[in-house]
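Q: This structure is in structure tokens; I'll ask about it shortly.
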């Protein structure tokens, strides 16, 4: 069970790696920055409304059956995206594809967390395999697409095929779920999640429009995949020592430091002047998303209990996977088209640094954080 769980975790994040590289495919297909932002906004938009559908289907039919069926649905709709021409048709089937592939992360991660709790196994030991899967897939696919983007779709298809097979051994926990009550959620956490939305949105903006930076500077095509793999690899040091770091610094300091680094990286991208310097800037990724995610989860556990915690976590996932990435993709595309890529990076970076200053006040006044 442990080995199949690790393999599935690696495949889930391999899907994310290939999904991120889809922005490179659309960028080199001749779509405008606005069209690129619009089509890459489909996955986060889907996550806003579809999580209720995913979990409802999993309760009724079992997680195993839903994952297997959606793996096949993803496989079929993916090839329609590749074979059909024009923005309208690709957008249509990307909508269908986003719905199917969007189920994997929440459903499989939920099953992994249940499994780790029931087996007294540290979840971080399973989660590390997700990072490893992302690293390998992003690096290998980034190299192979130099021979044609059809290979991105071939690798994607292989991942879905293996998920369909391995999901037979997926751990099936209890289907009993508490009723989620969104009324009465702590106001301070709603403000915090607005900050999370901004941070995650700017972070995804970097991932989506990094291929545009590479294209505009005429860098090696494989550089995108290389950077994505190194970005994922940069998360490993934190994941290996996350509990010790959190105890030493506190969740509040972790969150603020992650938010600050998101802004710094955005500012540094247009200031980089070579492929090597751009890679070094992207290596700051290891102290951005994963740090914000980890610290926010701990802040909720430290400040909330039971039903309040469950309801607040629901809003957190909507901000993390839905609203934040959606804003980063759509608004990012508009700003890149209007003021240029470099100026958009600088503008968003300065906003993020300003939000960091506000977040310092927010934490000092409203949040309790233990070491």
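The values are calculated or read from the model by the stated rules, or taken from the named source; none is laboratory data. The shown structure was predicted, so the numbers you read here are calculated from the model rather than taken from an experiment. Cβ coordinates were reconstructed from backbone atoms using ideal geometry, including for glycine residues, and neighbour counts include every protein chain displayed.
Q: Can you confirm whether the range 220-233 contains a residue that is surrounded by fewer than 22 Cβ atoms within 10 Å (Cβ to Cβ), on the phi > 0 side of the Ramachandran plot and in contact (Cβ under 8 Å) with a residue 40 or more places away in the chain?
A: No, the conditions are met nowhere in the range 220-233.
Q: Still on this structure, I have one more. Please list, ordered by residue number, the helices (runs of 4 or more DSSP H) wholly in the range 29-147 having 2 or more residues that are surrounded by fewer than 18 Cβ atoms within 10 Å (Cβ to Cβ).
A: 42-61, 63-83, 87-101, 104-118, 123-144
Q: Can you name every residue in the range 234-263 that is part of a loop (DSSP other than H, G, I, E, B) and farther than 22 Å from residue 281 by Cα?
A: Of the range 234-263, the ones part of a loop (DSSP other than H, G, I, E, B) are 234-235, 250.
250 - this is the single residue of the range 234-263 that is part of a loop (DSSP other than H, G, I, E, B) and farther than 22 Å from residue 281 by Cα.
Q: So which helices (runs of 4 or more DSSP H) stay within the range 264-371 end to end and still have 1 or more residues that are modelled with pLDDT under 85, touching a strand residue (DSSP E or B) at 6+ places or on another chain (Cβ under 7 Å) and not assigned by TED's automatic domain parsing to the domain that holds residue 236? Before you say what the answer is, go through the steps one by one.
A: On the way: elements: 275-282, 289-303, 306-317, 324-339, 341-366.
Qualifying helices (runs of 4 or more DSSP H): none found.
Q: Going by the structure shown, is residue 2 within 26 Å of residue 341 (Cβ to Cβ), more than 19 Å from the chain's Cα centre (by Cα) and surrounded by fewer than 20 Cβ atoms within 10 Å (Cβ to Cβ)?
A: So residue 2 fails the test.
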